[in-house]
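Notes for the one structure printed next.
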């Protein structure tokens, strides 16, 4: 039972107690007190100090519990951004980003003490079910596919399956960006990131303008960017940490005799791999840290670094990866089943030859759809 529930219980007990004591003097006032306890202020005054019908203690406890309840309710909403979304808002978000909408709904349920319990994943551990629906998220191998839903036969539980929807990235003005601090849910990764002090997280659906300013594309694996509070976001060279989730399946840890394994820094205890690669776009190098999970990897990338800034990028990427924690049952060590066809070194090599797909951004200045950036360079 949470504190809100405890306060409700305490107020109810005090109201019944006051109704019984007041009812000894006046049955009508006792019933009124039971139905609406604040009216007990009348018998509180008239029965003050009378043996058997004095309700000073009960009235005081009920009053304090009511104040604490109101304060707890206000803080519950203020500290949980998900509660500010109405069902209509969520429906609009779902039309563009079903994964983000599902994350908001999960956060709202958690705020009221309802925990989402994921079921056993499939062979690639890319599916999940919850206590309120049977929901599975298919791997995002076929990028750009529209959401699809399948309905089970009558008499069985309905199952909804979503394939990846194209990322809809809004060109939000810099002054209107909604920066997030503290704990941030990384929905498809079944993990959360504790954003370090002095850093801020910007969700992917707000990155349209920042992506244009920085000249770096956002693809459908991107969850958001992390920026330092002192960074000038108007500068075309500001540095940031790109947060992505790659649903690559369970990647086997590297072995000491694997040649490719020597090219990365592997932390077996945290299931964390760090490596440097040539920048996907432009000059410089990218510093990358990947936190392996049961069904994929959360990737933190600091792009286009000069040789003087490589150490800064390495520390920033590893810091974010180390502050990422998997939900219960979703860590790399929790995996049982069929592994990904790729090993970790093979997956890293595939990133070197990867290509960023184009991302559509919905402009707030007009109703048209603008194409942002496409990285056509291959390693």
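The values are calculated or read from the model by the stated rules, or taken from the named source; none is laboratory data. The structure displayed is predicted, hence computed values, not measured ones. Every residue, glycine among them, receives a Cβ derived from its backbone with ideal geometry; neighbour counts consider all protein chains shown.
Report whether or not residue 248 is within 19 Å of residue 189 (Cβ to Cβ) and assigned to a loop (DSSP other than H, G, I, E, B). Don't jump to the end; show me each part of the working.
Details: within 19 Å of residue 189 (Cβ to Cβ): yes; assigned to a loop (DSSP other than H, G, I, E, B): yes.
Yes, satisfied.
Residues that are in a strand (DSSP E or B) and either modelled with pLDDT of 85 or more or out of contact with any strand residue (DSSP E or B) (no Cβ under 8 Å at 6 or more places or on another chain) (or both): does the range 279-286 have at least one? Spell out how you get there, then give the answer.
In the first step, residues of the range 279-286 are kept if they are in a strand (DSSP E or B); the result is 285-286.
Applying the additional criterion that residues be either modelled with pLDDT of 85 or more or out of contact with any strand residue (DSSP E or B) (no Cβ under 8 Å at 6 or more places or on another chain) (or both) yields 285-286.
For the range 279-286, residues in a strand (DSSP E or B) and either modelled with pLDDT of 85 or more or out of contact with any strand residue (DSSP E or B) (no Cβ under 8 Å at 6 or more places or on another chain) (or both): present.
Looking at the range 255-277, is at least one residue in contact with a strand residue (DSSP E or B) (Cβ under 6 Å, 6 or more places away or on another chain), within 25 Å of residue 100 (Cβ to Cβ) and either in a strand (DSSP E or B) or assigned by TED's automatic domain parsing to the domain that holds residue 176 (or both)? Give the steps one after another, and end with the answer.
Here is the first cut: in the range 255-277, the ones in contact with a strand residue (DSSP E or B) (Cβ under 6 Å, 6 or more places away or on another chain) are 264-266, 271-277.
Subsequent filtering for residues that are within 25 Å of residue 100 (Cβ to Cβ) retains none.
The answer is no; no qualifying residue exists.
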Scanning the range 225-236 for residues that are part of a loop (DSSP other than H, G, I, E, B) and free of Cβ contacts under 8 Å to residues at least 40 places away in the same chain, the one surrounded by the fewest Cβ atoms within 10 Å (Cβ to Cβ) turns out to be 230
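Please work out if residue 71 is at pLDDT 75 or above and either crowded, with 17+ Cβ neighbours inside 10 Å or in the same structural domain as residue 179 (by TED's automatic domain parsing) (or both).
Values: at pLDDT 75 or above: yes; either crowded, with 17+ Cβ neighbours inside 10 Å or in the same structural domain as residue 179 (by TED's automatic domain parsing) (or both): no.
In short, no.
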Restricted to the range 313-348 and to residues being assigned to a loop (DSSP other than H, G, I, E, B) and in contact with a strand residue (DSSP E or B) (Cβ under 7 Å, 6 or more places away or on another chain), the residue nearest to residue 294 (Cα to Cα) is 330
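Name the residue, out of 273, 316, 289, that is crowded, with 16+ Cβ neighbours inside 10 Å and over 21 Å from residue 343 (Cα atoms).
Working: 273 fails: over 21 Å from residue 343 (Cα atoms); 289 fails: over 21 Å from residue 343 (Cα atoms).
It is 316.
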Matching residues in the range 298-340 (free of Cβ contacts under 8 Å to residues at least 24 places away in the same chain and over 18 Å from residue 225 (Cβ atoms)) number 6
When residue 29 is run through (1) surrounded by 11 or more Cβ atoms within 10 Å (Cβ to Cβ); (2) in contact with a helix residue (DSSP H, G or I) (Cβ under 9 Å, 6 or more places away or on another chain); (3) in a loop (DSSP other than H, G, I, E, B), the failure sits at (3)
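Yes/no matrix, rows are residues, columns are (1) crowded, with 20+ Cβ neighbours inside 10 Å; (2) assigned by TED's automatic domain parsing to the domain that holds residue 235; (3) closer than 19 Å to residue 288 by Cα; (4) at pLDDT below 95:
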residue	(1), (2), (3), (4)
177	no, yes, no, yes
181	no, yes, no, yes
187	yes, yes, no, yes
192	no, yes, yes, yes
212	no, yes, no, yes
218	yes, yes, yes, yes
223	yes, yes, yes, yes
